[in-house]
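Worksheet: one structure, shown below.
The values are calculated or read from the model by the stated rules, or taken from the named source; none is laboratory data. Since the model is a prediction, treat every value here as computed from it, not as a measurement. Glycine also receives a Cβ, built like all others from the backbone with ideal geometry; neighbour counts cover every protein chain displayed. Side chains are part of the model used for accessible areas, which takes the heavy atoms of the whole protein and leaves out ligands, DNA and RNA. Shrake-Rupley method; radii C 1.70, N 1.55, O 1.52, S 1.80 Å.
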Amino acid sequence: MNDLGRAMLLSVHPRFATAILAGSKTVEVRRQRVAAPPGTTVVLYATAPTMALVGLARIAAVSVGSPREVWRAHRTQTGISRREFDEYMSGATQASGLTLEEPQPFNEPVPLSALRAAGTFHPPQSYRYLNGEALRQVDEASPAAGTVLRGILGDPVPA
């Protein structure tokens, strides 16, 4: 079981979501310090053109350092070129490498339109932690995805 306050919604480009769920990309990089403990459940939101929740993974570890340190430690697991990394990190003084494990694609993606029909759902620019209301919207938009989340997070979805 995971602490509800630590369930993370992570926005990623569709190609990275696909690679994470396939297990070929095991480290997601961010331009800021991410303080999430190992074991945190990550709900993957694939950005445009997909615009849907596509699956889950679990944080195995988080490394924080300069962009150069994070690249040196994780370059082969990031699924991006050095040029893409440098462009993304331009101007950043700190970076995080989130090592992800146990990827689990949803049987059916949960479209943003369905999430918004269930309430005022807003995908994050980078990441945010999910609260009970957001999880309720996931459950209403996709009972199958809600069941998976309840199983992992210990039935946190309010009735």
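Table for the structure above
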| quantity | calculated |
| --- | --- |
| Identity of the residue in region 106-122, surrounded by fewer than 17 Cβ atoms within 10 Å (Cβ to Cβ) and within 18 Å of the chain's Cα centre (by Cα), that ends up modelled with the lowest pLDDT | His122 |
| Hey, Tyr45 part of a helix (DSSP H, G or I) and of a type in the set (Phe, Trp, Tyr) or not | no |
| Test result for Thr76, in contact with a His (Cβ under 6 Å, 6 or more places away or on another chain) and open to solvent by 30 Å² or more (accessible area, probe 1.4 Å) | no |
| Set Val29, Val70, Val62: member being in contact with a Leu (Cβ under 8 Å, 6 or more places away or on another chain), within 21 Å of Arg82 (Cα to Cα) and either open to solvent by 40 Å² or more (accessible area, probe 1.4 Å) or not in a strand (DSSP E or B) (or both) | Val62 |
| Where a residue in region 79-101 is under 17 Å from Ile20 (Cα atoms) and its partner, wherever it lies, is open to solvent by 50 Å² or more (accessible area, probe 1.4 Å) and among the β-branched types (Val, Ile, Thr), with Cβ under 6 Å and at least six apart | Ser96/Val64 |
| Residue check, Leu53 touching a Pro at 6+ places or on another chain (Cβ under 7 Å), outside any loop (DSSP other than H, G, I, E, B) and in contact (Cβ under 8 Å) with a residue 60 or more places away in the chain | yes |
| Subset of region 114-140 (residues that are touching a Gly at 6+ places or on another chain (Cβ under 9 Å) and in a helix (DSSP H, G or I)) | Glu133, Ala134, Leu135, Arg136, Gln137, Val138, Asp139, Glu140 |
